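Asks: Below are the structure tokens for one structure; questions will follow.
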Amino acid sequence: MGQVYLTGAGPGDIELLTMKAFRVVKEADVIIYDRLANPDILKEAKNGCEFVYVGKEDGRHIMPQDEINETIYQNALKYENVVRLKGGDPFVFGRGGEEAAYLYERNVGFEIIPGITSAISAPAYAGIPVTHRGVAVSFRVVTGHESPHKETSQIPWDNFKTDDTIVFLMGLHNLSKISQKLMEIGKPADYPCAVISRGTTPEQTVVVGTLSDIVEKAKGVPTPALIIVGQVVKLRKQLHWFGQ
Ligand code: SAH
């Protein structure tokens, strides 16, 4: 029976991989990976390492989660060192918890290797700090996958009236509904927000706007992308550095 490493691949820039992730990738007998994990990481694997793609795009699984869980388990029966490589951090909307629970129930040993999440690193590469003294005392990372107008929405929209930073992951396809909803709860139409696409990679694109014009401005921006809403977005004017 093997050991499974539920490993964060970081947001894109390969140098944002942790040393621990780098080590287990080098020792892996098999690497089970997503689309969001930078494929260059696989080049660090030893000769003969097997690669299993379980494509996952913007929260929509090409392979259903049950099958991914079972694939990891089957590989743990076959190999000693199994790396499950996931974009960003495995526990930030990565369903890493479900995968670990599946292994726990089957008595397979596992370790969690946290990764740098896109939720803070893509803003950092865009020159937007998620907290800033006197501007934002907290930040939230929220799923943008769910339509904000759903009756049964679990998202506490009414708590979003403050100037705390909100980062929406998996939300580009709902951008117009999200910006609409934020204006409905009372945020002004000129409230700052940005869309960051392919953050930390050479293709990073940052679109800065307001709740009322971001939809128009961000048209056609490629995924993966996140939405960041808050006064901190204004700091980009002074703090942008990447690609300079
Ligand atoms: N576990 C991942 C998030 C998985 S959900 C993490 O910690 O980063 C997938 C969503 O993450 C995407 O829909 C997008 O909103 C965001 N995302 C992932 N990589 C990104 C990147 N390089 N730039 C911008 N957003 C990214």
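The values are calculated or read from the model by the stated rules, or taken from the named source; none is laboratory data. In this text, all values refer to a predicted model and were calculated from it rather than measured experimentally. Glycine also receives a Cβ, built like all others from the backbone with ideal geometry; neighbour counts cover every protein chain displayed.
Asks: Confirm whether Ala76 is assigned by TED's automatic domain parsing to the domain that holds Asp34, among the small types (Gly, Ala, Ser) and free of Cβ contacts under 8 Å to residues at least 24 places away in the same chain.
Replies: Values: assigned by TED's automatic domain parsing to the domain that holds Asp34: yes; among the small types (Gly, Ala, Ser): yes; free of Cβ contacts under 8 Å to residues at least 24 places away in the same chain: no.
The answer is no for Ala76.
Asks: Please verify whether the stretch 58-72 includes one or more residues that are among the hydrophobic types (A, V, I, L, M, F, W, C), touching a helix residue (DSSP H, G or I) at 6+ places or on another chain (Cβ under 7 Å) and free of Cβ contacts under 8 Å to residues at least 24 places away in the same chain.
Replies: No, the stretch 58-72 contains no residue that is among the hydrophobic types (A, V, I, L, M, F, W, C), touching a helix residue (DSSP H, G or I) at 6+ places or on another chain (Cβ under 7 Å) and free of Cβ contacts under 8 Å to residues at least 24 places away in the same chain.
Asks: I've got another one for you. Considering each of Val108, Val83 in turn, give the residue that is surrounded by 13 or more Cβ atoms within 10 Å (Cβ to Cβ), farther than 22 Å from Gly12 by Cα and not hydroxyl-bearing (Ser, Thr, Tyr). Give the derivation first.
Replies: Numbers: Val83 fails: farther than 22 Å from Gly12 by Cα.
Criteria check complete, one pass: Val108.
Asks: Mind checking which residues of the stretch 145-170 are modelled with pLDDT under 95 and either under 15 Å from the mean Cα position of the chain (by Cα) or outside the structural domain of Ile228 (by TED's automatic domain parsing) (or both)?
Replies: Within the stretch 145-170, His145 is the sole residue that qualifies.
Asks: Could you tell me whether Thr71 is more than 9 Å from the ligand (Cβ to nearest atom), among the β-branched types (Val, Ile, Thr) and under 20 Å from the mean Cα position of the chain (by Cα)?
Replies: no
Asks: Taking the stretch 4-22 on its own, how many of its residues are closer than 22 Å to Leu103 by Cα and not aliphatic (A, V, I, L, M)? Spell out the reasoning first.
Replies: From the stretch 4-22, those closer than 22 Å to Leu103 by Cα are 4-9, 20-21; that's our starting set.
Pick out the ones that are also not aliphatic (A, V, I, L, M) and you get 5, 7-8, 20.
Number satisfying all stated conditions: 4.
Asks: Something else about it: What strands (runs of 3 or more DSSP E) completely inside the stretch 79-168 contain at least 1 residues that are within 16 Å of the ligand (Cβ to nearest atom), among the aliphatic types (A, V, I, L, M) and within 23 Å of Ser197 (Cα to Cα)?
Replies: Fully inside the stretch 79-168 and qualifying: 81-86, 139-143.
Condition check ((1) in contact with an Asp or Glu (Cβ under 9 Å, 6 or more places away or on another chain); (2) of a type outside the set (Lys, Arg); (3) more than 10 Å from the ligand (Cβ to nearest atom)) across all residues:
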{"site": "Thr201", "(1), (2), (3)": "yes, yes, no"}
{"site": "Gly220", "(1), (2), (3)": "no, yes, yes"}
{"site": "Gly230", "(1), (2), (3)": "yes, yes, yes"}
{"site": "Gln238", "(1), (2), (3)": "no, yes, yes"}
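Asks: May I pose another question? Is it the case that Pro224 is of a type outside the set (Lys, Arg), in the same structural domain as Ser147 (by TED's automatic domain parsing), buried (at least 16 other Cβ atoms within 10 Å of the Cβ) and away from the ligand (no atom under 13 Å from the Cβ)?
Replies: Considered against the rule, which asks whether it is of a type outside the set (Lys, Arg), in the same structural domain as Ser147 (by TED's automatic domain parsing), buried (at least 16 other Cβ atoms within 10 Å of the Cβ) and away from the ligand (no atom under 13 Å from the Cβ), Pro224 comes out as no.
Asks: Test Val232 against the criterion of being in contact (Cβ under 8 Å) with a residue 24 or more places away in the chain and within 21 Å of Lys161 (Cβ to Cβ), and give yes or no.
Replies: Values: in contact (Cβ under 8 Å) with a residue 24 or more places away in the chain: yes; within 21 Å of Lys161 (Cβ to Cβ): yes.
When the stated conditions are applied, Val232 passes them.
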